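As structure tokens, the structure follows; a few thoughts come after it.
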Amino acid sequence: MFLVPDEQEPDMTENRYDAIVVGARCAGSPTAMLLAKAGYRVLVVDRASFPSDTISTHLVHPPGVAALRRWGLLDRLTATGCPPIDTYAFDFGPFTISGTPVTDDSPVAYGPRRTVLDKLLVDAASEAGAEVREGFTVSDVVVSDGRVTGVLGHGKNGATVTEHARVVVGADGWHSLVAKAVRPDQYHEKPRLLCGYYTYYSGLPMDGRFENYIRPDRGFAAWPTNDDLTLVIGGWPFAEFEANKTDIEGNYLKMFELAPPFADRIRAANREARFVGTAVPNFFRKPFGPGWALVGDAGYNKDFITAQGIADAFRDAELCATALDEAFSGACSFDVAMGRYQTTRDQHVLPMYEFTTQLATLEPPPPELQQLLGAVHGNPEAMDAFARVGAGVTSPAESSPTRTSDASSPRPRSDRPARTCLLDHWDTP
Ligand SMILES: Cc1cc2nc3c(=O)[nH]c(=O)nc-3n(C[C@H](O)[C@H](O)[C@H](O)COP(=O)(O)OP(=O)(O)OC[C@H]3O[C@@H](n4cnc5c(N)ncnc54)[C@H](O)[C@@H]3O)c2cc1C
């Protein structure tokens, strides 16, 4: 942390920016875009240049697609030729639960490559009026009188520059430099549970399906993406990481033999990319403090088994930008507005966090859940309801997959408490 001696304390009236956003992918660019659209002076920086890839698969569930539509970006995504996904199939071995997670509010899902999605988001931030600095690495935050007032960083030429803002937003992923500097409270922590590996195949048609296979100590999934490719990710418990890491490909292919028809399809397909793999920790961080905020993985990280991170990052962008607008405009204090952001985020994601971290153990579902799943199988309404839980459309807290009459449709908006427009999109059911 770079501390400004008192005599060098920056004049807050001379801030060049209202907000500096560190990180320009799923959380950072939308946050910058929304603040710039609201008329604020925004700088968004990333050490990467775009288009570029990152270690992440990229299923965007219907709530994330709905956010892209609200932001006027869905047409750009569909124009890339990325195929829509309208069916989610969960193969448990003895039976498969197959349903559609779609609602009026949330159309289909998509699986755009991050090279495509992130570039689209960065361009949207720039078009909205945010200053985008690619290839710019933030090395520290500037702190004055206990408050974050800016960042220190350098572009590709290496010269260090300092920029000041009313707030610095860390959208810099779960390794977040901003979080390391401000040391927020961390809670609900759980260790790495799963290690996952993915690659891309040609000749593996998916017909608009997201397929999920759940087996003892193994889980894998496949869905279509850009360029007629299919992404296939699979994983095993983190406890097996050391034992399996010397033969990733062998262990990856062996896993598919637990679903022989899928193994046949893989044998008939061509692998088009190298394997990429990782494991991540699970935690919540307090997402605000004096002069700083956190969005996306920087503030809340969880295992990727339920593929919630991109939609979560979009939600944070909307909630945080709304809160900052309230604070900047004087509608309420920074602490009140940002406290509401934290509460809404936590209430919204906590049931899915528990569901995700339970699934990521790859342990067999408890007997009562197995019984429920057996009852869901073959009941189209209940299977759609189950698909909606998997997609994050319905909270695991509100949905019993057999309560088809109420679980199959979201609670009518008129029954919900009144909120500001953006908050309502991410209301806790
Ligand atoms: C293996 C795997 C599979 C996943 N699959 C899915 C999926 O299918 N669907 C889904 O919704 N989610 C998935 N996720 C989660 C998803 O990747 C994240 O939730 C999402 O990328 C979060 O976006 P973000 O903007 O918060 O962070 P990131 O995407 O990590 O972006 C952070 C950015 O900050 C920049 N940055 C970091 N430090 C600095 C610095 N000091 N200076 C300048 N720039 C900096 C980085 O260069 C990066 O561009 C997966 C994650 C993993 C690991």
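Quick one: would you say residue 240 is among the acidic types (Asp, Glu), away from the ligand (no atom under 13 Å from the Cβ), part of a strand (DSSP E or B) and in contact with a strand residue (DSSP E or B) (Cβ under 9 Å, 6 or more places away or on another chain)? Considered against the rule, which asks whether it is among the acidic types (Asp, Glu), away from the ligand (no atom under 13 Å from the Cβ), part of a strand (DSSP E or B) and in contact with a strand residue (DSSP E or B) (Cβ under 9 Å, 6 or more places away or on another chain), residue 240 comes out as no.
Conditions first: (1) among the hydrophobic types (A, V, I, L, M, F, W, C); (2) crowded, with 21+ Cβ neighbours inside 10 Å; (3) closer than 21 Å to residue 25 by Cβ. Residue 90 passes all but one, so which condition is the exception? So residue 90 meets the others, but not (3). For the range 214-249, the set of residues classified as of a type in the set (A, V, I, L, M) and farther than 21 Å from residue 270 by Cβ consists of 214, 239, 243, listed by residue number. Looking at the range 308-346 only, could you name the residues that are within 16 Å of the ligand (Cβ to nearest atom) and basic (Lys, Arg)? Passing the criteria: 315, 345.
Is one or more of the residues making up the range 252-266 buried (at least 17 other Cβ atoms within 10 Å of the Cβ), among the aliphatic types (A, V, I, L, M), within 16 Å of the ligand (Cβ to nearest atom) and closer than 24 Å to residue 356 by Cα?
Kept after step one, since they are buried (at least 17 other Cβ atoms within 10 Å of the Cβ), are these residues of the range 252-266: 252, 255-256, 258-259, 262, 265-266.
From what's left, among the aliphatic types (A, V, I, L, M): 255, 258-259, 266.
Still in the list and also within 16 Å of the ligand (Cβ to nearest atom): 255.
Add one more test, that the residue is closer than 24 Å to residue 356 by Cα, and what stays is 255.
Checking the range 252-266: at least one residue is buried (at least 17 other Cβ atoms within 10 Å of the Cβ), among the aliphatic types (A, V, I, L, M), within 16 Å of the ligand (Cβ to nearest atom) and closer than 24 Å to residue 356 by Cα.
Answer yes or no as to whether residue 30 is surrounded by fewer than 24 Cβ atoms within 10 Å (Cβ to Cβ), outside the structural domain of residue 234 (by TED's automatic domain parsing), of a type outside the set (Ser, Thr, Tyr) and in contact (Cβ under 8 Å) with a residue 12 or more places away in the chain. Spelling it out, it is not the case that residue 30 is surrounded by fewer than 24 Cβ atoms within 10 Å (Cβ to Cβ), outside the structural domain of residue 234 (by TED's automatic domain parsing), of a type outside the set (Ser, Thr, Tyr) and in contact (Cβ under 8 Å) with a residue 12 or more places away in the chain. State yes or no: is residue 243 of a type in the set (Gly, Ala, Ser) and outside the structural domain of residue 28 (by TED's automatic domain parsing)? Spelling it out, residue 243 is indeed of a type in the set (Gly, Ala, Ser) and outside the structural domain of residue 28 (by TED's automatic domain parsing).
Of all residues in the range 93-115, those that are over 28 Å from residue 260 (Cα atoms), surrounded by 21 or more Cβ atoms within 10 Å (Cβ to Cβ) and of a type in the set (A, V, I, L, M) total 1.
Would you call residue 56 polar (S, T, N, Q), within 25 Å of residue 108 (Cβ to Cβ), within 12 Å of the ligand (Cβ to nearest atom) and touching a residue at least 12 places away in the same chain (Cβ under 8 Å)? Before the answer, list the steps.
Values: polar (S, T, N, Q): yes; within 25 Å of residue 108 (Cβ to Cβ): yes; within 12 Å of the ligand (Cβ to nearest atom): yes; touching a residue at least 12 places away in the same chain (Cβ under 8 Å): yes.
For residue 56, the condition - polar (S, T, N, Q), within 25 Å of residue 108 (Cβ to Cβ), within 12 Å of the ligand (Cβ to nearest atom) and touching a residue at least 12 places away in the same chain (Cβ under 8 Å) - is met.
Filtered by the rule that a residue be touching a Ser or Thr at 6+ places or on another chain (Cβ under 9 Å), at pLDDT 65 or above and within 16 Å of the ligand (Cβ to nearest atom), the range 1-25 gives 19, 21, 22, 23, 25. Residue check: residue 113 meets all listed conditions (1) within 16 Å of the ligand (Cβ to nearest atom); (2) among the charged types (D, E, K, R); (3) over 26 Å from residue 222 (Cβ atoms) but one, namely (3). For residue 56, state whether it is under 30 Å from residue 371 (Cβ atoms) and not in a strand (DSSP E or B). Considered against the rule, which asks whether it is under 30 Å from residue 371 (Cβ atoms) and not in a strand (DSSP E or B), residue 56 comes out as no. For the range 68-106, taking the residues that are in contact with an Asp or Glu (Cβ under 7 Å, 6 or more places away or on another chain) and among the small types (Gly, Ala, Ser), the one that is nearest to the ligand (Cβ to nearest atom) is identified as 89.
For the range 153-168, give me the residue count where each residue is within 10 Å of the ligand (Cβ to nearest atom) and either under 30 Å from residue 329 (Cβ atoms) or of a type in the set (Asp, Glu) (or both).
The first filter runs over the range 153-168 and keeps only residues within 10 Å of the ligand (Cβ to nearest atom), leaving 153-154.
Of the ones still in play, those that are also either under 30 Å from residue 329 (Cβ atoms) or of a type in the set (Asp, Glu) (or both) are 153.
Number of matching residues: 1.
If you go through the range 169-209 and keep only what is touching a Lys or Arg at 6+ places or on another chain (Cβ under 7 Å) and either within 12 Å of the ligand (Cβ to nearest atom) or not assigned by TED's automatic domain parsing to the domain that holds residue 286 (or both), you end up with 179, 199, 201, 204. The lone criterion from (1) within 14 Å of the ligand (Cβ to nearest atom); (2) under 26 Å from residue 274 (Cβ atoms) left unmet by residue 138 is number (2). Going by what's in this entry, would residue 233 be described as crowded, with 20+ Cβ neighbours inside 10 Å and either more than 13 Å from the ligand (Cβ to nearest atom) or over 23 Å from the mean Cα position of the chain (by Cα) (or both)? Considered against the rule, which asks whether it is crowded, with 20+ Cβ neighbours inside 10 Å and either more than 13 Å from the ligand (Cβ to nearest atom) or over 23 Å from the mean Cα position of the chain (by Cα) (or both), residue 233 comes out as no. When 42, 65 are checked against the criterion of being under 19 Å from the mean Cα position of the chain (by Cα), modelled with pLDDT of 95 or more and buried (at least 22 other Cβ atoms within 10 Å of the Cβ), a single residue qualifies: 65. Any chance the range 159-169 includes a residue that's buried (at least 21 other Cβ atoms within 10 Å of the Cβ), of a type outside the set (Gly, Ala, Ser) and under 18 Å from the mean Cα position of the chain (by Cα)? So far as the range 159-169 goes, yes, one or more of its residues are buried (at least 21 other Cβ atoms within 10 Å of the Cβ), of a type outside the set (Gly, Ala, Ser) and under 18 Å from the mean Cα position of the chain (by Cα).
The values are calculated or read from the model by the stated rules, or taken from the named source; none is laboratory data. If you're wondering where the values come from, they're calculated on a predicted model, not measured in any experiment. FYI the Cβ positions are ideal-geometry reconstructions off the backbone, even for glycines, and counts take in every protein chain you see.
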